[in-house]
Amino acid sequence: MTVAAVDLGSNSFHMVIARYLEHDLHMMDRLREPVRLAEGLQPDESIAAEVAERAIACLERFGQRLRGLPHTQVRAVGTNTMRQAQNARDFGARARKALGHPIEVISGQEEARLVYLGISHTHPMEGTRRLAVDIGGGSTEVIVGEGFEALRSHSLFMGCVRFSREFFPDGAITRDAFRKAENAAGLELQTVREPLRAMGWDSAVGSSGTINAVSELLSQNGLGGPEITLPRMKKLRKTLVAAGHVDRLSLAGLKPDRAPVLAGGLAILIGVFKNLEVAVMSPSSGALREGVLYDLVGRMEHQDVRDRTIRRLVDQYHVDLAHAGRVEATALGTLAQLEPAWAKDDAWAGEPGAARRLLTWASLLHEIGLTVSYTGYHKHGAYLVAHMDLPGFSADEQQVLSAMIRCHRRRFVRAVFDALPAERVEIARRLCVLLRLAVLLNRSRTAASVPVPEIRWTNGNLKLSFPEDWLRENPLTRVDLDQEASYLRSSGWSLSMTAVDA
């Protein structure tokens, strides 16, 4: 099986393609283009048209290489600049069309987790604790982990493109600019410095363009290396300052597209070494895209970190698991009847099994807001899910789950779903209706068997069929269903109930 990962970074776009064979990945192809998306981030936090066109053209080329691969074998992620951009939704829709595959915008914490996963698989060090650092174009990820597990991770608001633009404008390189940039990096690290240092580590490893470029420059210019140390970086800094400008840099191994962002990246790395008291760092070829690839393979092997995240939340928020399980069973029972027909609908997009997973997760988490207060608990739960760090989940997935939890009871608020990415709106609304019905039918919270109604859907018109006399014997449920029909009617849908012979 061929699998692929696409990393829409703030400095460069990367794609790696591998064969998945006998539980291992064998790299087949790599593509990289220095798009510099962060360079196009304007004061109003929109992506400039010229840079957006550059990015779309790159993704069209990537898309040609991926042509023919199903969505289940490709995962594309957007990072810091796409998290910031105010026009990210419009740009994301164009980017998805150009690539031919969905693109997830991931949180800083998720980016850090995936970076560590990529490093730990390509730079294995079993049984030891390590510090991992990744300097990107818009953010820097700092992680302490053991084996394949990140124990503590932070995504910091500093990157080589951002720092180069801010402290080395127009390519000018001075000692004073380095001092200001290194101090700014220290300020960014201030709140995480002591917790990270307290954890300790046996070794330090760095990934991505800046760190690998610094290692290469040290090696090829007689400054030591490939290992990186603070004294060696100070010699490199002195060389940059002596040149005085990006255009006058003459260093063996310096790629033309790396030169404009080298000073900003080097200042951040020096700041990391000083503040975290790093003695020596080894470069790693693994980074975010490799982490995305291994995470994708984990999902294929039913080792989905998202399932572990949901189980942790179930424990943390003391979810009534027996009741949640009954809601899940009812919801999935209705989905099984409708999904074959829905799958033929253009509005029903996504990988096979995605709807089932979303409905399962929403069923398990729909009551986590009860730990805050019963009053408005659906709103509390929605807020928690939308704003927590959920390892494995993209920002879009969190927003879909949040919307479903927010609207699983009381009034069905269409505007909540309209705020979602366009391709997810209809899926989320339909799944939420099934969640609402499952919660309603299990309101008694008893182990007594609740029949999964026969359900039909025609252009937004729902028809439920129950065993004969069941509705008469359950008058509260009948009243709840009548109320639900009123709620759905206000959203342009209809709900009717009938009885059938057993």
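The values are calculated or read from the model by the stated rules, or taken from the named source; none is laboratory data. Please read these numbers as outputs of a predicted model, since none were measured by experiment. FYI the Cβ positions are ideal-geometry reconstructions off the backbone, even for glycines, and counts take in every protein chain you see.
Could we say that PHE178 is more than 30 Å from LEU390 (Cα to Cα) and either in a helix (DSSP H, G or I) or of a type outside the set (S, T, N, Q) (or both) here?
Judged against the criteria, PHE178 is a match.
Got at least one residue in segment 379-393 being surrounded by 23 or more Cβ atoms within 10 Å (Cβ to Cβ), part of a helix (DSSP H, G or I) and without any contact (Cβ under 8 Å) to a residue 24 or more places away in the chain?
yes
So in segment 12-35, with the set limited to residues that are of a type outside the set (A, V, I, L, M) and under 20 Å from the mean Cα position of the chain (by Cα), which one is farthest from GLN73 (Cα to Cα)?
Taking the candidates together, the pick is SER12.
Are there any pairs, at least 6 apart or on different chains, whose C-beta atoms fall under 6 Å, with the first in segment 479-502 and touching a residue at least 40 places away in the same chain (Cβ under 8 Å) and the second among the basic types (Lys, Arg) and assigned to a helix (DSSP H, G or I), and if so, which?
Within 6 Å, the pairs are SER491/ARG414.
If you go through segment 98-117 one residue at a time, do you hit one that is over 16 Å from the mean Cα position of the chain (by Cα) and modelled with pLDDT under 90?
Scanning segment 98-117, I find no residue that is over 16 Å from the mean Cα position of the chain (by Cα) and modelled with pLDDT under 90, so the answer is no.
How many of the residues in segment 35-55 are buried (at least 19 other Cβ atoms within 10 Å of the Cβ) and modelled with pLDDT under 90?
5
Do you know which residues across segment 137-153 are modelled with pLDDT under 90 and either assigned to a loop (DSSP other than H, G, I, E, B) or not charged (D, E, K, R) (or both)?
Passing the criteria: GLY137, GLY138, GLY147, PHE148.
Answer yes or no: is there a residue in segment 454-467 that is outside the structural domain of ARG89 (by TED's automatic domain parsing), free of Cβ contacts under 8 Å to residues at least 12 places away in the same chain and aliphatic (A, V, I, L, M).
No, the conditions are met nowhere in segment 454-467.
Residue by residue through segment 394-411, note down the ones that are farther than 17 Å from SER363 by Cα and surrounded by 16 or more Cβ atoms within 10 Å (Cβ to Cβ).
Passing the criteria: SER394, ALA395, ASP396.
Would you pick out the residues in segment 182-228 that are among the polar types (S, T, N, Q) and over 27 Å from ARG32 (Cα atoms)?
ASN183, GLN190, THR191, SER203
Please work out which one of (1) in contact with a Phe, Trp or Tyr (Cβ under 9 Å, 6 or more places away or on another chain); (2) assigned to a helix (DSSP H, G or I); (3) under 14 Å from SER284 (Cα atoms) is the condition PRO124 fails and give its number.
Going through (1) in contact with a Phe, Trp or Tyr (Cβ under 9 Å, 6 or more places away or on another chain); (2) assigned to a helix (DSSP H, G or I); (3) under 14 Å from SER284 (Cα atoms) one by one, PRO124 breaks only (2).
Among what's in segment 42-92 and is outside any helix (DSSP H, G or I) and among the hydroxyl-bearing types (Ser, Thr, Tyr), pick the residue that is nearest to PHE163 (Cα to Cα).
Among those residues, the one meeting the criterion is THR79.
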